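Chemist: Dropping a structure here in structure tokens format, bear with me for questions.
The values are calculated or read from the model by the stated rules, or taken from the named source; none is laboratory data. Keep in mind the model is a prediction, meaning the values are calculated, not measured. Here Cβ is always computed from backbone atoms with ideal geometry, including for glycine, and neighbour counts include all displayed protein chains. Surface accessibility is based on the protein's heavy atoms, side chains included, excluding ligands, DNA and RNA. Shrake-Rupley method; radii C 1.70, N 1.55, O 1.52, S 1.80 Å.
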Amino acid sequence: MFHAAPTPRRELPPAREAAGADRTARAAQPSGVPERAPAPSPKAGRDAFFDNAKYLAIVLVAMGHVWEPLTDGSRTAEALYMTVYGFHMPAFIIISGYFSRSFDMRKDRLQRLVTGVAVPYILFETAYAFFKRWADDDPGHPISLLDPWFLTWFLVALFIWRLTTPLWKIVRWPLPLALAIAVLASISPDIGDDLDLQRVLQFLPFFVLGLNLRPEHFKMVQRRAVRIASLPIFACALLMAYWAAPRMSSAWFYHRDSGQELGTTWWIGSVMTMALFGCSIVLVACFFAWVPTRPMWFTVLGAGTLYGYLLHGFLAKGSRFWGWFEDYAWLQTPAGEIAVTLIAGAIVTALCTPPVRKMFRFAMEPTMAWAFRKDAADTARERVSL
């Protein structure tokens, strides 16, 4: 019988041979023993960049709220206030839009929208109403789910924006359409205050922009060249805000009024809406350029920014109701302004921590399985698991 000659063994390059040996050694390790200690991360599957961005943005929100009562006596505080208000909520909304890209009318996502947005809105709108009655000595303050008070407008807006997500996925030019809607809202004083629709519509382009962004877009603004360019841009923004402080109302940055309600003409209102959108996008890009992309000590707090956002409002409003900024004159000094800024950052940081999240999860992230009907697929999965 003829036997086939053995195939000669092909020699591997030293590097590939070493890599193969390394893989063999790893395979031989017991499965329960890791090769090396993993790098710490806030939570598996979460992107540290977005958690860092959300945490830094919520800190700026809290600082902006303590700067507001200082703006009457300090042009510098007014300039900082206007600059920060130019990008902190747009940054939040862009991130919210980015993470709403997969939203559809699937049952579990609708349930999450109800439990994570609608229920917190109802609870905190009611809680804020009772708080104002007590802290502001205003027993007649109404409880109205149609008229969001203070911070709760964002939950109403997020609920509406997310429900419209499937529509923005099918139109050809979503961002120009959203901008057109925002401009039309800014010249329509008859929209009224119900559900804070002015803010819902005027902030809409930022949400739609987030829906259309991709990971590579965030990587573009994280380049070193953008980071360097952002410094003079921020400096110019501060100088422009310092110049505009006595000449322009900061209410433009709230996007809650039409141009006519702010004492100007309809065409100036439309121009301001477009101009502020452009300025906000530039400042948001500069902000994102400096957000760390690696896990930091505060990264884990990015998962609790909604807690910090809603809970710090009680102190922000209480400080005004109780006259802290009028009773303590030292708060109006540069040292006092720095002190309240640091205090605001520390408080909102504490409110984003895991212990606070655990304490208030019943209001922010209730499961509410009892409130939803089980379909046939859910019942089948339960039978299989049993």
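Chemist: Give me the residue from segment 160-185 that is touching a residue at least 24 places away in the same chain (Cβ under 8 Å) and over 25 Å from Trp252 (Cβ atoms) and, out of that set, surrounded by the most Cβ atoms within 10 Å (Cβ to Cβ).
Modeler: Residue satisfying both the conditions and the ranking: Arg162.
Chemist: Looking at Leu306, Leu301, Leu342, Leu310 in this structure, which one is closer than 24 Å to Glu78 by Cβ and not small (Gly, Ala, Ser)?
Modeler: Only one candidate qualifies: Leu342.
Chemist: Something else: Filtering segment 239-271 down to residues that are hydrophobic (A, V, I, L, M, F, W, C) and outside any helix (DSSP H, G or I), which residue is least open to solvent (accessible area, probe 1.4 Å)?
Modeler: Ala245
Chemist: Hey, which of the helices (runs of 4 or more DSSP H) in segment 272-386, taking only ones fully inside, have at least 1 residues that are modelled with pLDDT of 95 or more, surrounded by 12 or more Cβ atoms within 10 Å (Cβ to Cβ) and hydrophobic (A, V, I, L, M, F, W, C)?
Modeler: 305-321, 334-351, 354-364
Chemist: Then there is this: Six or more apart or on different chains, Cβ atoms under 7 Å: show the pairs whose first residue is in segment 263-289 and within 14 Å of Pro90 (Cβ to Cβ) and whose second is part of a helix (DSSP H, G or I) and among the small types (Gly, Ala, Ser).
Modeler: Thr273/Ala182; Thr273/Ser186; Leu283/Ala237; Val284/Ala91; Cys286/Ser230; Phe287/Ala91; Phe288/Ala53
Chemist: When you scan segment 145-236 for helices (runs of 4 or more DSSP H) that lie fully inside it, which ones turn up with 3 or more residues that are not hydrophobic (A, V, I, L, M, F, W, C)?
Modeler: 165-170, 174-186, 197-202, 204-212, 215-221
Chemist: Take the residues in segment 299-357 that are in contact with a Phe, Trp or Tyr (Cβ under 7 Å, 6 or more places away or on another chain) and among the charged types (D, E, K, R), then tell me which one is nearest to Gly64 (Cα to Cα).
Modeler: Among those that are in contact with a Phe, Trp or Tyr (Cβ under 7 Å, 6 or more places away or on another chain) and among the charged types (D, E, K, R), it is Lys317.
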